[in-house]
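Here is the structure we will look at, set down as structure tokens.
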Amino acid sequence: MFKRLLIANRGEIALRVIRACKDLKIETVAVFSEADRGAPWLAQADRAVCIGPARAEHSYLNADAILQAAEQTECQAIHPGYGFLAENALFAARCAQHGISFIGPGPDAIRRMGDKVEAKRTMGAAGLPVIPGSHGTLADVDEALRLAAEIGYPVLLKATAGGGGRGMRRCDDEADLRRAFAEAAMEAEKAFGNRALYLEKFLAAGRHVEFQILCDAFGNAVHLGERECSVQRHHQKLIEESPSPVVDAAARAAFGPRVARAAVGFGYRNAGTVEFLRASDGRLYFLEMNTRIQVEHPVTEMVTGVDLVAEQIRVAALCPLALRQDDVCFQGHAIEFRINAEDPDAGFRPDPGMITAFTPPLASRSGVRVRWDSAIEPGYRIPPHYDSLVGKLIVHASDRAGALQGARDALKSLHIEGVRTTIPLHLRILDDPDFRRGDYGIAFLDHLLKI
Ligand code: MV4
């Protein structure tokens, strides 16, 4: 096992990684930008090193500064968390060149899944269902028009180098597609430095269902079930739950192992998430793979009892998975609420500033477990330079109804003063009849907010 590990991240996920390291008896080195000097999570690490100014490009995205900090403090591994350098193949390769273990998959796997056309080809070849569309990138608008006529409108133009919904264009007819093609290519060039596009049949009224997998360096893999992540706005998830209200035990047991095998098939290792669009006919179609630990990993941890971050570190240290598929049991229901410092009444504009008062959430009933993943405390000033997540409330109970009940109590017991937060919006969602029935898709939140 590693003796010392550097955490190349901040906030709640930095604290989450520090906790896993404490359990594994690994020393921790935290890095921080000047905006995060004296931040609460830094005191939990064995050491903290400043890596540059507030702007992320000069600190949390500064590979040179992070590698230098890791070498100076003699760290054997770097955990990237999520965001920042977590899915940067070049950074993973540079860690290897420095003899440092990157806690994640190898650079080739990161690169392959970062190219959305290559990811789709890989997963399709591995037997996962993919959405009908172009086989590879489109040479020009004429190829797009020919293909769209074949598969039928509406279609969706996607950027090969995009992902997470960035650079997508829905086209309802030929005129739409003619207009959108050049624009989308230009936007993709500007945003990702790659103008390549591909095309798919547009599937309406879908749900976002993602499977968690865990693979070691020896070709062993397990799946840890799915998460339902359809409550989102502008591709920012707000609520995630496991199990999905629409995936039963038989579907999970049939589909999960296929997902895990597909990842082993191209040499994947470490934790990963495979995203699917669940169409209105109930079929799951591969969308993309995220080669990192995700914000919403705690719902899976609460349902399976597996410490995903500790497992990430173990498999990176070349420990074989101690867990076989038969050992993974799914118990009860977990739901996560992202508490962001945002104003839901102002288009979710970030609302950074001082937390003047703070009371953590409580579990008020027996049979309900509450987890609060956060690095805030009273008097903490949320800097304006990073994302607006201030904490994640995760609630577990024996069934979904119990989890929703416990969630309402917990959200009401959680007090954050000084900044606007998403807490009132969560309470409103909890009261929505469609949400309560589990009858919601990716359009749910947009509809709720328009009323
Ligand atoms: C789609 C789709 C409908 N049809 N592809 C958005 C994020 C990216 N991973 C893929 N996305 C979508 N791809 C086809 N062929 C609808 C979406 C989509 C979506 C997917 C998951 C979660 C939220 C979403 C919100 C809007 C659109």
(Q) So if each residue of separation counts as 0.36 nm, and I subtract the Cα-Cα distance between residue 248 and residue 58, what length gain in nm does that give? (A) 63.8 nm
Q. What's the tally of Lys pairs in the chain whose alpha-carbon atoms lie under 19 angstrom apart, where the two lysines are 8 or more places apart or on different chains?
A. 12
Q. With Cβ to Cβ distances under 10 Å as the rule, what net charge do the other residues near residue 104 carry (K, R +1; D, E -1)?
A. +1
Q) Treating the beta-carbon of each Lys and Arg as +1 and of each Asp and Glu as -1, no other charges, what is the dipole magnitude of the stretch 1-131 about its Cα centre, to the nearest 20 debye? A) 300 debye
Q: Return the long-range amide H neighbours of residue 225 (sequence gap of 5 or more, or a different chain), with a cut-off of under 5 Å between placed amide H atoms.
A: 212
**Q.** Phi to ³J(HN,Hα) by Karplus 6.51 cos²θ - 1.76 cosθ + 1.60 over the stretch 337-345, Hz, x for Gly, Pro
**A.** 10, 7, 9, 9, 7, 9, 9, x, 7
Q: Specify which residue in the list 204, 249, 232 is farthest towards the positive end of the charge dipole of the stretch 192-302, using unit charges on the beta carbon of Lys, Arg (+1) and Asp, Glu (-1), about the Cα centre.
A: 204
(Q) Give me, ordered by chain and number, the residues 5 or more places off residue 48 or on other chains with an amide H under 5 Å from its own placed amide H. (A) 30
Q: Quick one: give the max-minus-min coordinate of the C-alpha atoms of the stretch 123-214 along each principal axis, largest first, in Å.
A: 42, 30, 25
(Q) Within 11 Å, Cβ to Cβ, of residue 373, how many net charges do the neighbouring residues add up to if Lys/Arg are +1 and Asp/Glu are -1? (A) +1
Q: Collect residues whose amide H, placed 1.01 Å from N in the peptide plane, falls under 5 Å from the amide H of residue 381; neighbours closer than 5 in sequence don't count.
A: 355
Q: Taking only the C-alpha atoms, wrap a convex hull around the stretch 351-451 and report its volume per residue in Å³ as a whole number.
A: 112 Å³
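Would you mind counting up the charge near residue 418? Only other residues with Cβ under 10 Å from its Cβ, with Lys and Arg at +1 and Asp and Glu at -1.
With Lys, Arg at +1 and Asp, Glu at -1, the net is 0.
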Q. Ordered by residue, what ³J(HN,Hα) values in Hz, to whole numbers, does the stretch 249-266 give under the Karplus form 6.51 cos²θ - 1.76 cosθ + 1.60, where θ = phi - 60° and Gly and Pro are x?
A. 4, 5, 5, 4, 5, 7, 8, x, x, 5, 5, 4, 5, 4, 5, 4, x, 10
Q: Take residue 72, project a point 7 Å from its Cα along the Cβ direction, then tell me which residues of the stretch 365-392 have their backbone nitrogen under 17 Å from it.
A: none
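Relative to the present Cα-Cα distance, how much length would full extension add between residue 170 and residue 93 at 0.36 nm per residue of separation?
24.1 nm
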Q.
Whole-Hz ³J(HN,Hα) for each residue in the stretch 427-442, computed from phi via Karplus 6.51 cos²θ - 1.76 cosθ + 1.60 with θ = phi - 60°, x for glycine and proline: what do you get?
A. 5, 5, 4, 4, 8, 6, x, 5, 4, 4, 7, x, 9, 8, x, 5
Q) Mean separation of Cα pairs under 8 Å and 6+ residues apart, divided by the residue count of the chain: what relative contact order is that in percent? A) 14 percent
(Q) How big is the dipole moment of the stretch 274-325 about its Cα centre under a simple scheme where the beta carbon of each Lys and Arg is +1, that of each Asp and Glu is -1, and everything else is neutral? Debye, nearest 20, please. (A) 160 debye
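Rule-based calculations on the coordinates, nothing more; no lab input. All figures in this text were calculated on a predicted structure; none of them were measured in a lab. Don't worry about glycine lacking a Cβ; one is built from the backbone with ideal geometry, like all the others, and counts go over all protein chains shown.
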